[in-house]
Amino acid sequence: MQAMVIPASNKLFDVPRNVPQDASGWDEVRNSAVLLAESGTLLMRDGRAENSEVWAVTSRALAEAGEAALKGARARDPEAIGEAGNLLIDACERCHEKHWIR
């Protein structure tokens, strides 16, 4: 989470307030979206959370939020990135309700 999900999600959450102004900025948003989508995929690998339907469902939701953000980044659509951020918040909150490590 600290290495991939949090930095990538922070980048997406920033887009509605600080819209990228050039191709390089949108590339950074795209890369963050890819990291989130792939993070969700990695979290679904066997043995990550044995017998946890919540883990599987929320990991898939994380991947889907990343995919939505990727679509928004490709379209350079800040509103779509914001909507993907809402999907991301929902996925994270549902997972943390059960799996938060303190």
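Restricting attention to the stretch 60-78, does a residue exist that is in contact (Cβ under 8 Å) with a residue 60 or more places away in the chain, surrounded by 15 or more Cβ atoms within 10 Å (Cβ to Cβ) and touching a Gly at 6+ places or on another chain (Cβ under 8 Å)?
Yes: the stretch 60-78 contains one or more residues that are in contact (Cβ under 8 Å) with a residue 60 or more places away in the chain, surrounded by 15 or more Cβ atoms within 10 Å (Cβ to Cβ) and touching a Gly at 6+ places or on another chain (Cβ under 8 Å).
Can you tell me which residues in the stretch 41-54 are without any contact (Cβ under 8 Å) to a residue 24 or more places away in the chain and closer than 18 Å to residue 5 by Cα?
Correct list: 41, 42, 43, 44, 45, 48.
Residues being open to solvent by less than 80 Å² (accessible area, probe 1.4 Å), outside any helix (DSSP H, G or I) and more than 22 Å from residue 94 (Cβ to Cβ): count how many of those fall in the stretch 1-21.
Qualifying residue count, the stretch 1-21: 4.
Scan the stretch 22-43 residue by residue and report those that are within 15 Å of the chain's Cα centre (by Cα) and surrounded by 17 or more Cβ atoms within 10 Å (Cβ to Cβ).
Matches in the stretch 22-43: 29, 30, 32, 33, 35, 36, 37, 39, 40, 43.
Look through the stretch 90-101, keep the residues that are over 15 Å from residue 63 (Cβ atoms) and assigned to a helix (DSSP H, G or I), and return whichever of them is least open to solvent (accessible area, probe 1.4 Å).
Top of the filtered list is 99.
Looking at (1) over 16 Å from residue 1 (Cβ atoms); (2) at pLDDT 95 or above, which is the one condition that is false for residue 57?
For residue 57, the failing item is (2).
If a residue must be touching a residue at least 40 places away in the same chain (Cβ under 8 Å) and either charged (D, E, K, R) or closer than 18 Å to residue 2 by Cα (or both), how many such residues does the stretch 79-90 contain?
3
The values are calculated or read from the model by the stated rules, or taken from the named source; none is laboratory data. Predicted model, so just to flag it, every value in this text is computed and none were measured. As a convention, Cβ positions derive from the backbone with ideal geometry for all residues, glycine included, and neighbour counts pool all protein chains shown. Just the protein is used for accessible areas: all its heavy atoms, side chains included, with ligands, DNA and RNA removed. Shrake-Rupley method; radii C 1.70, N 1.55, O 1.52, S 1.80 Å.
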